[in-house]
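The values are calculated or read from the model by the stated rules, or taken from the named source; none is laboratory data. No experiment lies behind these values; they were computed from the predicted model shown. Glycine also receives a Cβ, built like all others from the backbone with ideal geometry; neighbour counts cover every protein chain displayed. Each accessible area value is taken on the protein alone, full model and side chains, heavy atoms only, with ligands, DNA and RNA left out. Shrake-Rupley method; radii C 1.70, N 1.55, O 1.52, S 1.80 Å.
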Amino acid sequence: KSFTGAPYFAEEARPESTPGQAKQIEDKATTLLGREYVRLLASTLTFDIHLTSNYRSPESNAGIMTNIIHKDREKGTDGLGIYGKRGAGYKKDWARYKSQTGETKPAKHGKTWNKMYAQLLIYYRASKKGHSIGSSLDLSSRRLSRKQVADVLWAHHKLGAGFGMLEHNPPHIHLNITPKGHKFSSTADCNDPAKVKAALEKMIANASASQ
């Protein structure tokens, strides 16, 4: 189980079918790139995948990351380990803000939390990648077996779509949609039919070439 106590994977594999289907959790903001890519990815699998996040506002992104930092620093959950140097920087920032506020046990939405949130909000408002523009997506891993999660990551790799990994706050599969030679640097880009079509065609060609 993850540090939140939630399982990473399903107890048993879901029934298989060919091809799989992409299912979207309701009320989630998506871009054309996110919707079309998850359908393409599902078509290469023999089981369904569930989209849980695609586009996120700067406020949502900042809140999620601040919560991860808070849990890592105050609850010892090691939620920053996967972020490398950036995570190490967040640890120093948190310690500085904690010293400035004088809080011994910073609470969620407390003074230290709010300072960290304000810093991250500036960063995400300027961000031109990932969830900030809708060129990354998250899939539920708790509906899949370990093998199925590995199959998703392998299929993503074969499509040449970009980086993918298993994250844990909460447990989910994170996928970047950054095919080589196709740049998406704004939400408008991710909703541009011509750009999305060209990127998808490239990824389909990548998958065919790898067979």
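Summary table below
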read-out	value
Number of the condition not met by THR52 [criteria: (1) within 17 Å of the chain's Cα centre (by Cα); (2) under 22 Å from GLN148 (Cβ atoms); (3) assigned to a helix (DSSP H, G or I)]	(3)
LYS108 of a type in the set (Lys, Arg) and touching a His at 6+ places or on another chain (Cβ under 9 Å)	yes
Qualifying residues in segment 70-83 (those that are over 16 Å from the mean Cα position of the chain (by Cα) and open to solvent by less than 70 Å² (accessible area, probe 1.4 Å)) - the one modelled with the lowest pLDDT	THR77
Count of segment 75-89 residues which are of a type outside the set (A, V, I, L, M), at negative phi and part of a helix (DSSP H, G or I)	7
Tabulated pairs, segment 171-184, first touching a residue at least 60 places away in the same chain (Cβ under 8 Å) and over 14 Å from GLY34 (Cβ atoms), second open to solvent by 10 Å² or more (accessible area, probe 1.4 Å) and of a type in the set (A, V, I, L, M, F, W, C), C-beta under 7 angstrom, 6+ apart or interchain	PRO171/ALA6
